[in-house]
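First the structure, in the form of structure tokens, and then the observations on it.
Any read-out appearing in this document is the output of simple, stated calculations on the displayed coordinates, not a laboratory observation. Treat the numbers as computed from the prediction; the structure is a model and nothing was measured. Here the Cβ positions follow ideal geometry from the backbone for every residue, glycine too, while neighbour counts run over all protein chains shown.
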Amino acid sequence: MKLDGTDRAILNRMQDDLPLVSHPYAAVAEELGIPESEVLNRLTRMKDSRVITRFGPFFDAAAMGGAFCLCAMAVPTEEFETVLTKVNAHAEVAHNYERTHRLNMWFVLATETPEGIVGTADAIERETGICVLRFPKLQEFFIGFRVAA
Amino acid sequence: MIDATDREIIEALQGGLPLVPAPYAQVAEILGMDEDALLYRLSELKSRGVIRRIAAAPNHYKLGMTSNGMTVWDVDDDRITELGSRIGALPFVTHCYERPRALPDWPYNLFAMVHGSDRDEVEEKRAEITAILGDACRAKDILYSTRILKKTGLRLKKKG
């Protein structure tokens, strides 16, 4: 879909935290000077067309006692789709990207316990026969998630 | 760290917040609780950092940010905190982490995600990082993403 200026204004605003109030979209609509119904219609359209991949709370697994871990695998091209199906079948795989490197599959595991990372990564190794390199974060240097729409 | 009610709330919201005028009232009804009680619980989860924010995750590709480079660097361990902080503060870096090396396959310990409308733009930004790291950087690489294979966010397992 093509985004107009109003869509972009809404999307930029919605990348920031939404107020925790009964009518959050009305609050945003007032900030932007757009009717609430239009904010909701445009958000729905952007979500349906996957301009917005997800809308809602972002949870921190670590704050719940769980863990995140970036993992990478070197998957042979001819096995890529088969391995992908096996990896993505794990609910713990929160996102997964194909990248230009010998290590061509990069995914993030989000688990409810630190042991869950080891368990899931080991299971993927067993199922695919491919080593899962693990890159847990040691330090985080600021997260600015936003991109200008 | 989270109790059974928190867990029910997280399960109800992990697929997303409903796009209706009173989304919390709708979720509260499904959970059989008061809207006010739900809002109170959510504010508690937020203050404890379990919820980082309630927001939209855009699809960078569909916004014309079609190039997404994971820049990786082998940075002197003694200087990683100082330099990582400087790289993380750059306006075009969306995520920046120190991670362990995996020798011999992977000599890099600093990861910085850079987005741009094309690879030339990403390369220009990467050159700025190269200049900042100077001789503290021994090796570098960039991995472009060519496909989103999955993007669902955290999912709690149903507990029986």
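Of note:
- Lysine pairs with alpha-carbon atoms under 26 Å apart, region B:64-160, spacing 8 or more or separate chains: 5
- This model, with +1 at the C-beta of Lys and Arg and -1 at the C-beta of Asp and Glu, gives the protein assembly as shown a dipole about its Cα centre of some 440 debye.
- Theoretical FRET efficiency, 1/(1+(r/R0)^6), r = Cβ-Cβ of B:GLU44 and A:ARG50, R0 35 Å, to 0.05: 0.65
- Test item: Cα-centred dipole of region A:5-48, Lys/Arg +1 and Asp/Glu -1 on Cβ, debye: 180
- Stretching the chain fully between A:THR77 and A:GLU140 yields a gain of 19.4 nm (0.36 nm per residue, less the alpha carbon separation).
- Relative intensity, log₁₀ I(q)/I(0), of chain A from a Debye sum that treats every alpha carbon as a point, q = 0.19 Å⁻¹: -1.10
- FRET efficiency estimate (nearest 0.05) - Cβ-Cβ, B:ARG53 to A:SER37, R0 22 angstrom: 0.35
- Using only side-chain charges placed at the Cβ, +1 for Lys and Arg and -1 for Asp and Glu, the dipole size of region A:10-111 relative to its Cα centre rounds to 200 debye.
- Estimated distance in nm for a label pair at B:TYR61 and B:ASP105, the labels positioned 7 Å out from Cα along Cα-to-Cβ: 2.5
- In plain terms, the residue of A:SER37, B:SER47, B:SER145 with the fewest other Cβ atoms within 10 Å comes first and the most crowded comes last, giving B:SER47, A:SER37, B:SER145.
- For the protein assembly as shown, the alpha-carbon coordinates run over 55, 47, 40 Å along the three principal axes, in decreasing order.
- Measuring between their Cα centroids, region B:36-110 and region A:26-73 lie 17 Å from each other.
- Least to most buried among B:CYS137, B:CYS96 (fewest other Cβ within 10 Å first): B:CYS137, B:CYS96
- Summed side-chain charge close to A:GLU127 - residues other than A:GLU127 whose Cβ falls under 15 Å, Lys, Arg +1, Asp, Glu -1: -3
- Whether region B:4-47 is rounded, prolate or oblate, judged on the alpha carbon gyration tensor where a/c under 1.5 counts as rounded: rounded
- Relative contact order (%) - criterion: Cα under 8 Å, at least six apart; region: chain A: 25
- Fraction of the pair-distance distribution of region A:61-135 above 17 Å, Cα-Cα pairs, percent: 36
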